[in-house]
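This report concerns only the one structure given below.
The values are calculated or read from the model by the stated rules, or taken from the named source; none is laboratory data. Note that the structure is a prediction, hence the values are computed from the model and not measured. Cβ sites come from the backbone with ideal geometry, for glycine too, and all protein chains shown count toward neighbours. Note: areas computed on protein heavy atoms with side chains; ligands, DNA, RNA excluded. Shrake-Rupley method; radii C 1.70, N 1.55, O 1.52, S 1.80 Å.
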Amino acid sequence: MIAYIEPYFLDNDAEAASAVTASVLSTDGVSESLDIQGEILCGGAAVDIAGRDFGGMNCVKPLAVVRPVGPEDIAGAVKAALRSDKLTVAARGNGHSINGQAMAEGGLVVDMSSTAENHFEVGFCGDTAYVDVSGGALWENVLKRCVSEYGLAPRSWTDYLGLTVGGTLSNAGVSGQAFRYGPQTSNVTELDVVTGNGDVVTCSEVENSELFFSVLGGLGQFGIITRARVLLQPAPDMVRWIRVVYTEFDEFTRDAEWLVSQKDESSSFDYVEGFVFVNGDDPVNGWPTVPLHPDHYFEPARLPQSSGSVLYCLELGLHYRDSDSNSNVDKRVERLIGRLRFIEGLRFEVDLSYVDFLLRVKRSEEIAKVIGTWETPHPWLNLFVSKRDIGEFNRTVFKELVKNGVNGPMLVYPLLRSRWDERTSVEVPEGEIFYIVALLRFVPPCTKVSSVEKLVAQNQDIVHWCVRNGIDFKLYLPHYKSREEWIRHFGNRWSRFVDRKAMFDPMAILSPGQKIFNRSP
Ligand code: FAD
């Protein structure tokens, strides 16, 4: 499809948008302009969807949604924006951002789902297997194809897999494997990228390396990822999934840190996460959220009298093969778990297939869709907090500010800085061990706007408290309103970020929803 919309770029307001609709839908256009093979949609459901996200707290109107066939179409959209005065371009993965990061008010939204199937090729570099996948592919589909067709799987994941490859690589991509392999950004070796100059570039650690590291964790500011080469490992068949409960934060962190710091893989589990929950029978925030099977029962009588308002759960996974005997798996588990100091009797475990384990959050998604909390606003807060300050964070935030829960998971587990590549654009705290903290708030249907605003305000209070008290922290999936806050976020790497922007997107066309740079006229 060849569409002509250039005359309208100079004034891309709402009126122009409807004019574009007319001119785009007819192909007897006005002048050479947005010449792409894919679709351009100026109204209807696609545009409505592009104006919203999972956070559900922002709503903007893009000029049009572009459904590209491949990188040339994306480059065409960027070049069209370059020719205009103020047009911007946002790649939209699955729109699972919280604060409008994948939106482009009055701009072009590139719906990456139309390219999801463009690449899927497994290869080897020496002994190391990799898969080339599309930036718009969902991790869930990458998993299913890699395992079913090749018995292989990526090494580092997110908890939920309804996210796109390009979307998580633009942030970091963190789950319970990251202590060993680093975030997803540490597990890709090559990218194809469309830059803000409209160039289609292949990059890696050795080829166009500045672009490669800029784009990884780059919040969509330097280029649109159309292909990623993701490292693979042999996929296990099964996972023993275990949860153990602690009353004391110190003991929880000591065991978690011990597990993530083991040099030898056989001395730890393959997956280590943790969460905080309310010490009570609340079905959404309390004891019932811990057992892994309907037949399991959380026995509160096991808790010591001294236990406080919140408790801590270490979540572990051990990979094994169908050919491993049960007794062998039991032995490996007991050897590792025997060193941990959780409360006796508060241990839960199930065995499930590796794919079901990685898709575990999909079940929560299905439930949330039934009860209506998937569609309601999600005022989430994600932070990285250094080991030095996580105790103080626990005392003030977990034990006081959110001691009644957030109506959803409150994750907290350690990661190792040495597994993160400082050359990428991701920001993490100082110090080798830091914790990811995620307050994943779900709000019931019909919650008043003012109540959601209070939750957003509480998130801000937490961030302000961190700043005031000199907590060594960084926002993950950051969202700031002012230039000063972005400068503080990047610290002494701000100038590197600005230089990279000048190199790869000098007109500030890409990902305007991050609100870091203003479009240059
Ligand atoms: P979008 O929200 O569509 O885009 C995010 C940003 O990346 C935007 O700025 C967009 O312009 C840009 N972008 C999108 N595609 C590309 C591309 N191809 N090239 C360049 N830039 C692009 N994160 C974790 O790390 N671990 C988790 O366990 C985890 N669990 C989650 C669970 C749920 C239910 C949700 C909603 C989110 C979760 N996240 C997690 C956060 C997730 O990583 C971010 O939402 C991320 O943005 C990916 O979502 P997306 O693919 O929908 O990207």
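I'm trying to understand the selection: among the residues of segment 458-480, which are in a loop (DSSP other than H, G, I, E, B) and within 26 Å of residue 158 (Cβ to Cβ)? Before the answer, list the steps.
Applying the first criterion (in a loop (DSSP other than H, G, I, E, B)) to segment 458-480 yields 469-472, 476-480.
Within segment 458-480, 471, 472, 476, 477, 478, 479, 480 qualify.
Of all the numbered requirements in (1) open to solvent by 20 Å² or more (accessible area, probe 1.4 Å); (2) under 25 Å from residue 101 (Cβ atoms), residue 368 misses one, and that requirement is (1).
Checking the condition part of a strand (DSSP E or B) and surrounded by 20 or more Cβ atoms within 10 Å (Cβ to Cβ), which residue from 455, 411 passes? Reasoning before the result, please.
Values: 455 fails: part of a strand (DSSP E or B).
Answer to the selection: 411.
Just one of the listed residues (286, 308) is of a type outside the set (Ser, Thr, Tyr), surrounded by 17 or more Cβ atoms within 10 Å (Cβ to Cβ) and touching a residue at least 60 places away in the same chain (Cβ under 8 Å), and it is 286.
Return yes when residue 149 is within 15 Å of the chain's Cα centre (by Cα), in a helix (DSSP H, G or I) and either surrounded by fewer than 23 Cβ atoms within 10 Å (Cβ to Cβ) or within 10 Å of the ligand (Cβ to nearest atom) (or both) and no when it is not. First the steps, then the outcome.
Numbers: within 15 Å of the chain's Cα centre (by Cα): no; in a helix (DSSP H, G or I): yes; either surrounded by fewer than 23 Cβ atoms within 10 Å (Cβ to Cβ) or within 10 Å of the ligand (Cβ to nearest atom) (or both): yes.
No; evaluated as a whole, the condition is false for this residue.
In segment 361-376, the condition of being touching a strand residue (DSSP E or B) at 6+ places or on another chain (Cβ under 7 Å) and over 30 Å from residue 189 (Cα atoms) is met by no residue. Within segment 214-230, being more than 9 Å from the ligand (Cβ to nearest atom) and either open to solvent by 10 Å² or more (accessible area, probe 1.4 Å) or outside any strand (DSSP E or B) (or both) holds for 214, 216, 217, 227, 229.
Residues being under 21 Å from residue 280 (Cβ atoms) and either hydroxyl-bearing (Ser, Thr, Tyr) or within 16 Å of the chain's Cα centre (by Cα) (or both): count how many of those fall in segment 402-436. The number of residues fulfilling the criteria is 4.
Residues in segment 134-144: is at least one over 17 Å from the mean Cα position of the chain (by Cα) and either within 16 Å of the ligand (Cβ to nearest atom) or part of a helix (DSSP H, G or I) (or both)? Checking segment 134-144: at least one residue is over 17 Å from the mean Cα position of the chain (by Cα) and either within 16 Å of the ligand (Cβ to nearest atom) or part of a helix (DSSP H, G or I) (or both).
Yes/no matrix, rows are residues, columns are (1) in contact with an Asp or Glu (Cβ under 7 Å, 6 or more places away or on another chain); (2) more than 30 Å from residue 265 (Cα to Cα); (3) open to solvent by less than 30 Å² (accessible area, probe 1.4 Å):
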position	(1), (2), (3)
88	no, yes, yes
119	yes, yes, no
144	no, no, no
158	no, no, yes
165	no, no, yes
182	no, no, yes
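Look at residue 499 and say whether it is open to solvent by 60 Å² or more (accessible area, probe 1.4 Å), more than 21 Å from residue 374 (Cβ to Cβ) and touching a helix residue (DSSP H, G or I) at 6+ places or on another chain (Cβ under 8 Å). It is false that residue 499 is open to solvent by 60 Å² or more (accessible area, probe 1.4 Å), more than 21 Å from residue 374 (Cβ to Cβ) and touching a helix residue (DSSP H, G or I) at 6+ places or on another chain (Cβ under 8 Å).
For segment 286-297, does any single residue satisfy the condition of being under 29 Å from the mean Cα position of the chain (by Cα), of a type in the set (D, E, K, R) and part of a loop (DSSP other than H, G, I, E, B)? Within segment 286-297, not a single residue is under 29 Å from the mean Cα position of the chain (by Cα), of a type in the set (D, E, K, R) and part of a loop (DSSP other than H, G, I, E, B). May I ask you to list the residues in segment 177-196 that are aliphatic (A, V, I, L, M) and more than 8 Å from the ligand (Cβ to nearest atom)? Matches in segment 177-196: 178, 188, 191, 194.
When the criteria are applied in full, residue 344 meets the requirement of being open to solvent by 70 Å² or more (accessible area, probe 1.4 Å), within 19 Å of residue 254 (Cβ to Cβ) and away from the ligand (no atom under 13 Å from the Cβ). Taking first residues from segment 495-521 that are within 11 Å of the ligand (Cβ to nearest atom) and partners that are open to solvent by 60 Å² or more (accessible area, probe 1.4 Å) and in a helix (DSSP H, G or I), the Cβ contacts under 9 Å between residues at least 6 apart in sequence or on separate chains come to 516/483. In segment 201-221, the residues that are closer than 18 Å to residue 174 by Cα form Cβ pairs under 6 Å with partners that are more than 13 Å from the ligand (Cβ to nearest atom) and open to solvent by less than 10 Å² (accessible area, probe 1.4 Å), at six or more places apart or across chains, as follows: 213/424; 216/424; 217/424. Return the residues of segment 55-106 that are small (Gly, Ala, Ser), under 26 Å from residue 120 (Cα atoms) and within 14 Å of the ligand (Cβ to nearest atom); say none if nothing qualifies. Answer for segment 55-106, where residues must be small (Gly, Ala, Ser), under 26 Å from residue 120 (Cα atoms) and within 14 Å of the ligand (Cβ to nearest atom): 70, 75, 77, 90, 91, 93, 95, 97, 102. Of the listed requirements (1) within 25 Å of residue 497 (Cβ to Cβ); (2) outside any strand (DSSP E or B); (3) open to solvent by 10 Å² or more (accessible area, probe 1.4 Å), residue 429 misses just one: (3).
Which ones in segment 154-176 are away from the ligand (no atom under 11 Å from the Cβ) and assigned to a loop (DSSP other than H, G, I, E, B)? Give the steps one after another, and end with the answer.
Taking segment 154-176 and keeping what is away from the ligand (no atom under 11 Å from the Cβ), we get 154-155.
Correct list: 155 only.
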